[in-house]
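K.L.:
One structure, pasted below without further comment.
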Amino acid sequence: MTIITKKCKVFPALHGESDKGWIWMPKENGFESMDYVKLTNLAVNKNIFCICRTIDRNFKCYYKRKTDTSFPNDGSFLIVISDHYRRKLGIENIHSPSEDSNEKLVELRFATQGCWVCRKWYCIIALLGHPDPCVKMAIFLAILSIILAILSIIVAFL
């Protein structure tokens, strides 16, 4: 299990990523791209499960081209997160890339599981909380089909 607590500058995700089930973080955090993480806002004790993507040079160039802003190079920990996940975490104030203040820092805890079963559990919870309704419906139907299959096996042997 990996747990990191950081004060983060929160940036808005691009419009094209508003229905994606991931957040963007620097590679230096110790998580790999496409890890499922539990993200907790320690100020209001709200959490989400989602996919962690790593911010690389290509992402920074694309973000700058789309928003005409760039990320600060002051060594602060930054995170790019969609409005859906910000609302679920209770994050109201986001950092504007043109600002240089630290007053909008949000203390967040990032956690990922080491065991296979726990990672799969994080995956299921993340998909149930996904911003895209099609993904939510698909995981709900998958879980329902597993439950019905188990019930049919039980009934067959009675």
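The values are calculated or read from the model by the stated rules, or taken from the named source; none is laboratory data. Treat the numbers as computed from the prediction; the structure is a model and nothing was measured. Reconstructed Cβ throughout: ideal geometry from the backbone, glycine too, with neighbour counts over all protein chains shown.
K.L.:
List every residue pair whose Cβ atoms sit under 8 Å apart, with the two residues 6 or more apart in sequence or on different chains, where the first one lies in region 31-56 and is at positive phi and the second, anywhere, is in a strand (DSSP E or B).
P.N.:
M34/I51; M34/C52; M34/R53
K.L.:
Can you name the residue in region 106-144 that is under 15 Å from L39 (Cα atoms) and among the charged types (D, E, K, R) and is also modelled with the lowest pLDDT among such residues?
P.N.:
R119
K.L.:
Can you give me the number of residues within region 23-68 that are surrounded by 14 or more Cβ atoms within 10 Å (Cβ to Cβ) and part of a loop (DSSP other than H, G, I, E, B)?
P.N.:
2
K.L.:
Could you tell me how many of the residues in region 9-22 are part of a strand (DSSP E or B) and either closer than 13 Å to K66 by Cβ or in contact with a Phe, Trp or Tyr (Cβ under 8 Å, 6 or more places away or on another chain) (or both)?
P.N.:
3
K.L.:
When the residues of region 124-158 are narrowed to those that are surrounded by 15 or more Cβ atoms within 10 Å (Cβ to Cβ) and of a type outside the set (A, V, I, L, M), which ends up farthest from V44 (Cα to Cα)?
P.N.:
Once the filter is applied, the top-ranked residue is K136.
K.L.:
Identify all residues within region 1-22 that are among the hydrophobic types (A, V, I, L, M, F, W, C) and loosely packed, with under 15 Cβ neighbours inside 10 Å; write none if there are none.
P.N.:
Within region 1-22, M1, I3 qualify.
K.L.:
Can you tell me which residue among I147, I94 is of a type in the set (V, I, T), at pLDDT 90 or above and not in a strand (DSSP E or B)?
P.N.:
Exactly one residue qualifies, and that residue is I147.
K.L.:
Return the pair list, or none, for Cβ contacts closer than 8 Å from residues in region 64-83 that are over 26 Å from K38 (Cα atoms) and of a type in the set (K, R) to residues that are surrounded by 13 or more Cβ atoms within 10 Å (Cβ to Cβ) and at pLDDT 80 or above, at least 6 apart or on different chains.
P.N.:
Pairs found: K66/L14.
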